[in-house]
Structure formats: C-alpha cells, structure tokens
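Reviewing the structure listed below.
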Amino acid sequence: MAEEESKSFSVELSEKGGIENKGFVQNEALNEKECNASSQEEIPEICSVGINSAAVQNQDCEVLKPFAGMPKEVLLKFSGQTRYRVTREILFWLIIASAPVLVGATIAIVAVSPKCLDWWQGSPIYQIYPRSFKDTNKDGNGDLKGIQEKLEHIMYLNIKTIWITSVYKSPLKDFGYGVEDFRDVDPMFGTMRDFENLIAAIHDKGLKVIMDLIPNHTSDKHSWFQLSRNRTGKYADYYIWHDCAHTEGTITPPNNWVSVYGNSSWQYDEVRKQCYFHQFGKEQPDLNFHNSAVQEEIHDIIKFWLGKGIDGFSINAVKFLLEATHLRNEPQVDKSQNPESISAYSELYHDFTTTQVGMHDIVRSFRHTLDEFSIEPGRYRFMGTEANNQENIEATMMYYGTSFIQESDFPFNFYLINMENFSGNSIFETVSLWMKNMPKGKWPNWAVGDPSTARITSRIGKEYTKVINMLLLTLPGTPTTYYGEEIGMENIATENVTFPEKSPMQWNGNLHAGFSEGNISWLPVNLDYQNVNVEVQKTQPNSTLNLYRELNLLRNNELPIHRGWMCYIWNDSNVFVYLRELDGLDTVFIMVLNFGQESIIDLKAVVSELPSEATIRLSTNFSNTGKVVNTKTIKTEKGEGIVLEYKTRKTVHTTEAFQGKCFVAEKACYSSALNILYMHC
C-alpha cells in the first residue's frame, strides 16, 4: 500500500513539474537572485521529497545542480542556460576555425617536406655471385638455398638490399651471361621453388632483392636462336643475320666490327648459311632490338620476374642493345694500322655498335614496365643500368634520364673500379667527376668491386682495405659492396683460374672456409681463410668486418652522412678530405682518408669555421675512436681513415670559399623546433 502511494505521489510530482532524482541531490541554499521570479533563466528547482506524502515537511526552493544519471528533461533545461550555451558555441566555432588551419598546416608540411629516400637509396647494396656464396648440397657450387641460409649475415651488416647476379638457365659459357632460358633457374643453383622460397625469406626479413637482366643477347642454345637459324616464323628476324662470303673455310664478314672479346663479331652459321652478329662471345648471338617482337619478349620477361616478387633489375650491357643498320666499317683508332690486322676491341671507335639512336627509348620502355608494378605503396621497382662508358661521362649520365622523362634510377658507377692508380688526388678526381656531371636532383652510387674485376684488396693492397670501405660508406649516395669486401677478401693466387675474384666466400676456418661441406669447391678457397673469415672477424673489435658494420650504422643513423651536403676540403697525393653537413643540424663530420703515406694536415687553415678541436667518431684503428684531436695537426698513417665530429651552427657549403666545391643530391634541412626535414632553406 505504501509503495502504491509513493508511486502515485511520484507521478503527481512529475505532472506538476517536480523532478524525480534517481541519482543524488546536492542541496544548497538558494540566494535571493537565483530565486527571483523575474530571472530570465529557468532554474530547475526541487522540493525535498520523502518516502511518502506525509513526510513532506518543507517545499522551500532549492537549486538542483547537474548530477549523474540526469533524465533528458533535466539535461535539456541545463543545456539552455547561458553559461553552458555560450561555452558550447565557443568550442564549436573554435573547432570550425581550427579545421582549415590544421588542413593548411598539413598541406604546408607536405609541400615543404623533401622527398623521402626510397629503399634503394637508404641502404648499401650487397652484390652476391651465387655460385661462390654458399653451397648447401655439397656439390661444390653455391646455390639459392645457400643465400637463404646466410641472410642473417646480411642483417648483421645492416644492409637492406641484395643484388643476385645471373641465375638463369645457361650453358655457363660466360659465367651465366649467355642465357638459354629467361624463365627458368639453372639447376646448378636449384629450382624455381627454391627461388620463390628465397624471395619470400628475403621479404620476410624486410629486405629487398634485385637481379640481373641480360637483354642484349642469348645463348646459341636458346630456343629462339634455334628457331631463327631455321627461319621459323616470327623468330627468323629475332637475331641479326647478314650474308657473308664463305669459301673453303674462310669467312669474309660484312664489315670490320670487332667483338668485345676480340676478333670479328660475325660468326657463320652452317644451318642458315648466313653470319650472325655477336658483341660478346660467338656463343652469345645479339638479339635484334629493331624488331618490336623482340622488345615485347623482353618486356614479358621483366613482368614474369616482377610477378615472382623481384624488387628491381640491374640491366646489363644496355649500350649494346642497338647497332647501325647500314653496317659501315667503324673508324680505326690508328688510321695507319693495316685494316686486315685489326682484331682487338680497343683498335676501333665503336660509333655504330654502341649507344645508337633509339637505344634510350628502349631503356625508358623498360622503366615504364617496372612502373606498372610500382603502384602499390612501398613496392617501388628499382632499375639500374650497366653501361660502363668509362671514356665518356656525359654518355653515362644520359642513363639518368631527364627532369621530365625518367630512365634508370642510376647508372652503376664503375669509375672507382676502373681506377689504375690510387692516391688522395686520384680519388678526389674520380669522385668529383661523377658529382659535377650528375644531373641536378639525381642520386649517386659507388662501387669498388664486381664479379669481373680484381678485388680491391688485391688491386691496392691490404693496408688500404679499411679506408676504401670508409670512403664507400661515407660518400653521398648508394654504395654497392661485392661479397667478401666486408672482410677484405683477396683474389686467389692460383694458376689457370680465369676469374680469381670469384673465389668462395670465407665464412669460417673449417674445410673450404665453411663454403661447402663437400669434398671440393668449384674454385679453390683463398689460402688466408683461417684468418680472413666472418666468424673470426666477428670476435675482433678492430676487424675489417666490424668497422664495415659500424660505418654502416653511422651512415644509417646520422642525417648529414645519409643525405647531407658533401664539400671537398683538401686533397693531395696522400689524403682526400671531405665534409658532410646538413642545414639545421649542428653536427658536422669530416672524413680524412689516407691513400698514400703518413701525412699531417692543418684543417683549421683550410676551414676557418672549424673549431680548434674535434672528436674522432670512427677510425680504421678502433683504439683511436673517441679521442679529441687538434684540428691544426691532423695526423694519419698509411691507409688510415678517420671520421671527425664537431659541433657548429656555421655551414661550410654557404661560405664563399667553398662555392663550387659542395654538392647535395636530395636537398633537405632540419628543423629542431618541429623535428622535421624541409626543403626550402
């Protein structure tokens, strides 16, 4: 009965404008102003309510403040009050006003921010010759599973990009560069399944992988050539055929063109009764790129491997893609030489067999195909070109493309590889040659070794191994390291070995240097493998391996070295000195690299802004790391390299004395206030 009476009273209060508080009531004496009937605001009021009507003793006016669990009716009455309404409107208009400000700020930050470095710019490239890297099936030949097994070594070096040289099915007449089948892996290296597993493992570790593409020629075992020599359908013109006189075993070629390897570049074919053209070995006939069907075949091959997950290509021998159709004789270097005696490649100017009109159009078409696979964020497909125009730097730079038409991301730089004499001056001249000729906004790259050149340690001596790695990893751009250079491997000193720079990788002091557990290896292991190997050098603080790793960490972690300005400071017969700095950062690095004899230089006299002291951040001699040196007397021993670090707000590249001596690829400036990089500075 009491419950029904209470409910009845609650309903009665609601009908009369009373409020049922299901939360809590906070009583407070109402001042006269608030209770004034003439007030413009309707203040919610409440009377003390008991359990039943009999308990109602007093209905004095009391103020009800917001409380938890307010019903909608009460909430609406509060929301209409001035203090709440004005606050709400102020917040609303602040949000409306701030929205375009935030959008504008975002657009401004994006507009002034420099282009982020892509994956092929952010890490060194580690070039692997698969046959010599790691053997897993004990046949003495390295294989794809061996590369997968040793991915942890790549991670240890802080390298993010792997370059795998040719693994196509091939008769191996030219170490895999005469391809028999562009869509298959040579059984020596494994199966296509092994290749797919390797790509998956590489990507699982956050690494990227590029491979060789050899479009200029095939093996004479390729099915295209077999069909072409029989004049079968469209394949009849897949290669460059021409009539040539053939009498009593003597061939009279159509012209004086000479192969890169020497002697005539024309070979008579008994099946077709014509000569075919080959820029390299006679087992490697050149494809006819004047035939659009051939070009389409190469585009399909590119798509095939991109579909397998490859992140890019190094396109081999691109300058040889086209030849002049008129077949005129090429000019002699020595005009007095008897034309009949010409047999060496160096005896002719190759005006009609290299860098012909239309060749760059073909290379750009390769770039377009790669772009089709670069749409997905984070999956940009890289393209590098191997041209090796050592005698013509302008021709090399053309492979960058123009500011309007992109070609390769960069042509591979062989200028340090091809150097014959090393000194402070010659290193400076070689570096400067590339930097001053490189188109504005393009990205440089450097290499000191590859599968076809004597190892750098054998070319210039063991004492310079560390300093050459310091050069490679502190120059602006992308360095390429040929496998084994990180531990200072040398050529094998063995007779009857055609390519001693391809000797097996030296992993440890076990049989065959840990390269193979079999009884043989396809090439002998270098006799120094007991001391020069990965396992030993990991335990030696001052080893070539650990210096390489520390240099790469420095490159990755310090913006001035990663993407800052480079300024030439000093060079002479002994040392090459350059500086790396970034606008907005007060940390500056100076590299002092000795390629000659002991030297003492006064850097303070060259750079007046230099402080009197600097700290050795890294040294080829680890015991010197961390020492403070006087910049007036910087001493380096033979083959020593040091990275100096100091603090300053004064940039060298803006001073008049160094105008024309400083270069930057991807310009950026640092804002310490916003902790961002920006362009316009």
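Once you put a point 7 Å from the Cα of Ala201 and another 7 Å from the Cα of Thr498, both along the Cβ direction, what distance in nm separates them?
2.9
Which FRET efficiency value, to the nearest 0.05, is calculated for Leu91 and Asp586 with the Förster distance at 35 angstrom and r the Cβ-Cβ distance? Provide the component values of the computation, followed by the final result.
Numbers: r = 42 Å, r/R0 = 1.19.
E(calc), rounded to 0.05, equals 0.25.
If each residue of separation counts as 0.36 nm, what is the full-extension length gain between Gln81 and Asn624 once their alpha-carbon separation is subtracted?
188.0 nm
Would you kindly state how much longer the chain becomes between Lys138 and Glu372 on full extension, computed as 0.36 nm times their sequence separation minus their alpha carbon distance, in nm to one decimal? Write down the numbers at each step before the final one.
On the way: separation 234, 0.36 × 234 = 84.24 nm, distance 4.06 nm.
This chain segment gains 80.2 nm when fully extended.
Roll a 1.4 Å probe over the protein chains and send me the accessible area per residue for the range 88-139 in Å².
Working: 2970 Å² over 52 residues.
Using a 1.4 Å probe on heavy atoms only, each residue of the range 88-139 averages 57 Å².
On the protein heavy atoms, probe 1.4 angstrom, tell me the percent of accessible surface of the range 152-309 carried by carbon and sulfur. Walk me through the intermediate numbers first.
On the way: 2850 of 6140 Å².
Looking at the range 152-309 in its full context, I get 46 percent from C and S.
Got a sec? What order do Arg381, Arg88, Arg193, Arg549 fall in by accessible area at 1.4 Å, biggest, i.e. largest, first? Let's see the in-between values first.
Working: Arg381 15, Arg88 120, Arg193 155, Arg549 65 Å².
Correct descending sequence by accessible area is Arg193, Arg88, Arg549, Arg381.
Determine the distance separating the Cα centre of the range 447-492 from the Cα centre of the range 584-657; give it in Å without decimals.
Spelled out, the Cα-based centre of one part sits 23 Å from the other.
Run the numbers for Lys650 and Gln540: contour at 0.36 nm per residue of separation, minus the present Cα-Cα distance, in nm. Walk me through the numbers before you get to the answer.
Numbers: separation 110, 0.36 × 110 = 39.60 nm, distance 3.84 nm.
Extending this stretch completely gives an extra 35.8 nm.
Restricting attention to the range 581-642, which trypsin sites (Lys or Arg not before Pro) occupy a DSSP loop and are surrounded by at most 15 other Cβ atoms within 10 Å? Don't skip to the end; give the middle numbers.
On the way: sites: Lys604, Arg617, Lys627, Lys632, Lys635, Lys638; in loops: Lys627, Lys632, Lys638.
Sparse-neighbourhood loop trypsin sites (Lys or Arg not before Pro): Lys627, Lys632, Lys638.
Considering only protein heavy atoms, what is the solvent-accessible area of Tyr84 at a probe of 1.4 Å, reported in Å² to the nearest 10?
80
Round to the nearest 0.05 the FRET efficiency obtained for Arg193 and Ala236 when R0 = 35 Å and r is the Cβ-Cβ distance. Numbers along the way, then the final one.
On the way: r = 35 Å, r/R0 = 1.01.
Here the calculated transfer efficiency is 0.50.
Show me the chymotrypsin sites (Phe, Trp or Tyr not before Pro) within the range 325-392 that DSSP assigns to loop and that have at most 13 other Cβ atoms within 10 Å of their Cβ. The partial results should precede the final answer.
Values: sites: Tyr345, Tyr349, Phe352, Phe366, Phe373, Tyr380, Phe382; in loops: Tyr349, Phe352, Phe373, Tyr380.
Taking the range 325-392 and a limit of 13 other Cβ atoms within 10 Å, the loop chymotrypsin sites (Phe, Trp or Tyr not before Pro) found are Tyr349.
I'd like the accessible area for Trp565, computed on protein heavy atoms only with a 1.4 Å probe and all protein chains in place. Round to 10 Å², please.
Number for this one is 40 Å².
Measuring from label point to label point, each 7 Å out along Cα→Cβ, what is the Ile600 to Asn421 span in nm?
Between Ile600 and Asn421, the simple spin-label model gives 2.7 nm.
For Glu340, project a label point 7 Å along Cα to C-beta. Then give me every residue of the range 248-265 with its amide nitrogen under 18 Å of that point.
From the range 248-265, the list is 248-257, 263-264.
Just flag the trypsin sites (Lys or Arg not before Pro) in the range 419-469 sitting in loop per DSSP whose Cβ has no more than 13 other Cβ atoms within 10 Å. It would help to have the intermediate numbers written out before the result.
Numbers: sites: Lys436, Lys440, Lys442, Arg455, Arg459, Lys462, Lys466; in loops: Lys440, Lys442, Arg455.
Those that pass, being in a loop and sparsely packed, are Lys440.
Evaluate the relative contact order of the chain (contact order divided by residue number), counting alpha-carbon pairs under 8 angstrom at least 6 apart; express in whole percent. Please report the intermediate quantities before stating the final value.
Numbers: 1293 pairs, mean separation 70.5, N = 681.
Relative contact order here is 10 percent.
Hey, can you rank 536-547, 257-268 by average C-beta count inside 10 Å, highest first? Please list the in-between numbers first.
Details: 536-547: 17.4, 257-268: 19.7.
Per-residue Cβ counts within 10 Å, averaged per peptide and sorted highest first, yield 257-268, 536-547.
Leaving out ligands and nucleic acids, note down the accessible area per residue over the range 295-383 with a 1.4 angstrom probe, in whole Å². Display every interim value, and only then the final one.
Numbers: 3970 Å² over 89 residues.
Per-residue value: 45 Å².
Quick check for you: with a 1.4 Å probe and neighbouring chains kept, what is the accessible area per residue of the range 572-681, in Å²?
On the way: 4950 Å² over 110 residues.
Accessible area per residue: 45 Å².
What is the distance, in nm, between label points placed 7 Å from the Cα along the Cα-to-Cβ direction at Ala657 and at Asn437?
Each label point is offset 7 Å from its Cα along the Cβ direction, giving 3.0 nm.
Got a number for carbon plus sulfur as a percent of the range 365-446's accessible area, 1.4 Å probe?
Working: 1860 of 3520 Å².
Reported share for carbon and sulfur atoms: 53 percent.
For the chain, take the longest principal axis of its alpha carbons; what is the angle in degrees between that and the long axis of helix 544-557, to the nearest 10 within 0 to 90?
Once rounded, the angle reads 40 degrees.
Take Ser98, Ser426 and sort them by solvent-accessible surface of the protein heavy atoms, 1.4 Å probe, largest at the top. It would help to have the intermediate numbers written out before the result.
Numbers: Ser98 45, Ser426 20 Å².
The residues order as Ser98, Ser426, largest area first.
Any chance you could give the angle, 0 to 90 degrees and rounded to 10, that helix 424-437 forms with the longest Cα principal axis of the chain?
Tilt relative to the chain: about 70 degrees.
To the nearest 10 square angstrom, what accessible area does Met398 show with a 1.4 Å probe?
Met398 has an accessible surface of roughly 100 Å² with all protein chains in place.
Kindly work out what percent of the DSSP beta bridges joining two residues of the chain are antiparallel, to the nearest 5. Could the numbers behind the result be given before it?
Details: 53 of 77 bridges.
Roughly 70 percent of the beta bridges in the chain run antiparallel, per DSSP.
Largest first, how would Val575, Val103, Val497 line up by accessible area (1.4 Å probe)? All intermediate terms of the calculation are to be shown ahead of the outcome.
Details: Val575 0, Val103 85, Val497 30 Å².
Ranking Val575, Val103, Val497 by accessible area, largest first, yields Val103, Val497, Val575.
Tell me, what is the FRET efficiency for Glu296 and Phe175 to the nearest 0.05, using R0 = 35 angstrom and their Cβ-Cβ distance as r? Write out the running numbers ahead of the final one.
Working: r = 28 Å, r/R0 = 0.80.
So the FRET efficiency works out to roughly 0.80.
On the protein heavy atoms, probe 1.4 angstrom, tell me the percent of accessible surface of the range 564-681 carried by carbon and sulfur.
Values: 2550 of 5170 Å².
Carbon and sulfur together cover 49 percent of it.
The values are calculated or read from the model by the stated rules, or taken from the named source; none is laboratory data. Note that the coordinates shown come from a computational prediction; the quantities given were computed from them, not determined experimentally. Neighbour counts are summed over all protein chains in view; Cβ atoms, including those assigned to glycine, are modelled from backbone coordinates with ideal geometry. Note: areas computed on protein heavy atoms with side chains; ligands, DNA, RNA excluded. Shrake-Rupley method; radii C 1.70, N 1.55, O 1.52, S 1.80 Å.
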